[in-house]
1. Could you size up the charge dipole of chain A around its Cα centre, putting +1 on the beta carbon of Lys and Arg and -1 on that of Asp and Glu, and report it in debye to the nearest 20?
2. Set Lys and Arg Cβ to +1 and Asp and Glu Cβ to -1, take the dipole of the range A:444-501 about its Cα centre, and tell me which of A:MET444, A:PRO466, A:LEU455 lies farthest positive.
3. Across 10 Å bins from 0, what is the distribution of all Cα-Cα pair distances for chain A, in whole percents?
4. Going through the range A:1-82, which trypsin sites (Lys or Arg not before Pro) have at most 14 other Cβ atoms within 10 Å and a DSSP loop state?
5. Length gain on complete extension for the stretch A:ASP361 to A:THR393, per 0.36 nm per residue less the alpha carbon to alpha carbon distance?
6. Among the trypsin sites (Lys or Arg not before Pro) in the range A:259-310, which ones are in a DSSP loop with at most 14 other Cβ atoms within 10 Å of the Cβ? Mind listing them?
7. Hey, what did the range A:24-78 get for relative contact order, percent, Cα under 8 Å, at least 6 apart?
8. Sort A:TYR85, A:TYR229, A:TYR275, A:TYR137 by Cβ crowding within 10 Å, fewest neighbours at the top.
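Read the figures in this text as sums done on the coordinates, not as results from a lab. Since the structure is predicted, the reported quantities are computational estimates derived from the model, not experimental observations. Neighbour counts are summed over all protein chains in view; Cβ atoms, including those assigned to glycine, are modelled from backbone coordinates with ideal geometry.
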Amino acid sequence: MADTSNNNTVRVRFAPSPTGPLHIGGVRTALFNWLFARRHNGIFILRIEDTDRNRYVPGSLEQIIEGLKWLGLYWDEGPEVGGPYGPYIQSQRLDLYRKWANWLLEHDKAYKCYCSKERLEELRKARGSGYDRRCRYLTEEERRAHEEAGDPFVIRFKMPLEGETVINDLIRGPITFHNERLQDLILLKSDGYPTYHLANVVDDHLMRVTHIMRASEWIPTAPLHYQLYKAFGWEMPKIAHLPVILNPNGKGKLSKRTQAFSSSGHKVLVLLHEYREAGYLPEAIVNFLTNIGWSFGEDREIFSVEETIPRFELERINPAGARFSFDKLVWLNGIYIRKKSPEELAELLREPLEKAGLRPDKETLLKVAPLVQERIKTLNEVVDMAGFFFRETVEPAPKDLIGKKMTVEQSIEALRRAADVIKSLPEFNAQTLEEALRALAADMSLKAGQLFGVLRVAVTGQKVSPPLFETMEIVGRDRVLERLEKAEKILGQEVEKGADE
RNA sequence: GCCCCCAUCGUCUAGAGGACCAGGACGUCGCCCUUUCAAGGCGAAAACAGGGGUUCGAAUCCCCUUGGGGGCACCA
């Protein structure tokens, strides 16, 4: 008795096609299904819809599985874990689809269509859309002739020719379609594989799915599916169409072809693995996605999945399409980065640094983490912000080494005297550094910011960095002195160059 | 072209007939803090697409217009 569910158990599924990496829109669909299952103590099924042999991309299944796990969206039935209604990969269920397609044929609810792809192509061009149902009305002789000739065929569904089909969408209410506008869709392709429509309906029924939650681009196929259930004499699961996610500019569905940057300059990503590689946190992605089309209430934007589950109601989903507000995700990611403990953050920062060719040691990482924590919004930004900690030397630009409203000579002097001060410090830490260097600035009649700016560029190689004195402490006295000396040389060369000209 | 869906600040949204001269968040702008950049604090500008109804009363219900989006494959 593997099946612990009873007739009232909520059963939902996420049914991606292994045609490539997981799309962020697909992730949203998976998340909402998962949330709904958890909310109702139900079953979340992962089913792989690989009925298109041409679009299959090896490795996608692994990517899907890995992505869902990374986000924490574990499934109760499906690949890897099995379940009572398996297999959960459609290419392993082909016999089932053929059986039910034949059942429809035998019960006069479907027919064989011998029309060539060329003919269908012409039809589409001439009339704009739609199959003219020629084979639905073939005479017995014509049909026999095709059979005897062994002509290839597809199986098409006999849609009702009149009346209306009403879909009761859980989010939008009733949607009415006029049957005379609907198509005789193909159920079984000439290669013997089912189309999405057949496989989806057969599997949802056989897997006892109670609620379908899918993206709203599927609305037009709902009446077809409804009629299929009816023809089979099966009860149709309840259905809800989730709002589409639009490009940040509002032009069209969020797609892989999007090449956009958010106003904060972050690249708009579309595939889940891209987010992971760019240093987004799974908690941030989940939180962000939950906020598209659904809201927590109580004026709260930041919340965990655990907090979401008990309040996740379908009725509260907003049917309107929503743009993908990327900057808000970036902001949320920053929030979650700041929530990490120094230890957790240090570990998370290792990968981006290593990918940049650096060798971060654990001890330094632990000291650096708190310094960058409130300065980065994605993990990868640590490389630009704090890469200098893990490099032997830095390469400051000469012009950056010249302090604000200072001459080259003054800047050289500042570097030299700062080095002297640092050498003579009894103790080398942030506090003693700050005291001594503030005194130096006063002594030189410089504003603190002027002196610190020069030192910052000399030590870090950049104009923007974590706080100077903490930074110096971590870099260490010897390396700080080396870098000050090098900066001095660089500016010295500038003076010579200027003299030559 | 045909079918369908949708419509509150620039964006994500709260709002399910009176509690709304519409609340929160991102972003933007200003101020504070400050060694840079952030983070943080405070504050500001910013919306019910338009027009008709229904009702004592409409952001909330109905209709039309407009606008946006989705779909019209032997792809899912």
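1. Working: 71 positive and 73 negative charges, 239 e Å.
Here chain A has a charge dipole of around 1140 debye.
2. Working it through, the farthest residue towards the positive pole turns out to be A:PRO466.
3. 3, 15, 20, 18, 13, 10, 8, 6, 4, 1, 0
4. Details: sites: A:ARG11, A:ARG13, A:ARG28, A:ARG38, A:ARG39, A:ARG47, A:ARG53, A:ARG55, A:LYS69; in loops: A:ARG47, A:ARG53, A:ARG55.
Sparse-neighbourhood loop trypsin sites (Lys or Arg not before Pro): A:ARG53, A:ARG55.
5. On the way: separation 32, 0.36 × 32 = 11.52 nm, distance 1.66 nm.
The A:ASP361-A:THR393 span can extend by a further 9.9 nm.
6. On the way: sites: A:LYS267, A:ARG276, A:ARG300; in loops: A:ARG300.
Filter output for the range A:259-310: A:ARG300.
7. Details: 28 pairs, mean separation 26.6, N = 55.
For the range A:24-78, the relative contact order is 48 percent.
8. Values: A:TYR85 18, A:TYR229 15, A:TYR275 24, A:TYR137 9.
Taking fewest neighbouring Cβ atoms as first place, the list is A:TYR137, A:TYR229, A:TYR85, A:TYR275.
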